[in-house]
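For reference, the structure is listed below as structure tokens.
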Amino acid sequence: MTLSAIDLILYAGAVFVLFLTPGPVWLALTARTLSGGFQAAWPLTLGVVVGDSLWPVLAVLGIGWITAASTQIALVLKVVAVLVFVTLGIVTIRNADRTIASDSRLTRPGIWAGFLAGLVVILGNPKAVLFYMGILPGFFDLANVTTTDIVAIVAVSQVVPLVGNLMLAAFVDRVRRVLSSPRALRRMNLMAGGMLIVVGLILPFT
């Protein structure tokens, strides 16, 4: 293993910052928790884990190097991310009075439905794509990593978001009765939409 504990700790910190950035996973997790509680949310976190395993593996296999080497590709990915974040923010604000449970694709009951929702959300998450494909090569020399290194990177990529998502689901579950009131739901949607737009507008300058 060529990676040091410091390397992995720094990477874990970056993954934690990625988790803290509002995005589709947060919204999907909140939707399922509000509609069915923690029981409906935890399968989604497992689906997210699968996606969080796939992206770093693809980066190590060479896609991350291609993205880092091509300014044009990186720019396109960033533009796409900006558009997605701003669009999600606007849609969330426009539907601030709409109950989250009305989105049946996210809130359909069942463990398998929750797992698939998490997988789809993370695979289409622009911030995950940008992070793993563009930033991961800056943390590690992907041309010289060993199999053990890859396992360690994937483990960190899984564990940090999983713990964070489970804690978020548990928190939302505790306050779901309050958040389910029309006024609180509108306030939450307005805040979430505003945060998504802010993240989208900040991305071009990062």
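The values are calculated or read from the model by the stated rules, or taken from the named source; none is laboratory data. Since we're looking at a predicted model, the values are computed, not measured. Please note: Cβ atoms are built from the backbone with ideal geometry, for glycine as well, and neighbour counts cover all protein chains shown.
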Legend entry - In segment 134-151, the residues that are part of a helix (DSSP H, G or I) and modelled with pLDDT under 80: Gly134, Ile135, Leu136, Pro137, Gly138, Phe139
Legend entry - Listing of helices (runs of 4 or more DSSP H) fully contained in segment 1-116 that carry 1 or more residues being surrounded by fewer than 17 Cβ atoms within 10 Å (Cβ to Cβ) and modelled with pLDDT of 70 or more: 5-20, 38-58, 71-94
Inset, instruction - Go through segment 154-203 and give me each residue that's surrounded by 15 or more Cβ atoms within 10 Å (Cβ to Cβ), modelled with pLDDT under 90 and among the β-branched types (Val, Ile, Thr). - result: Val172, Ile197, Val199
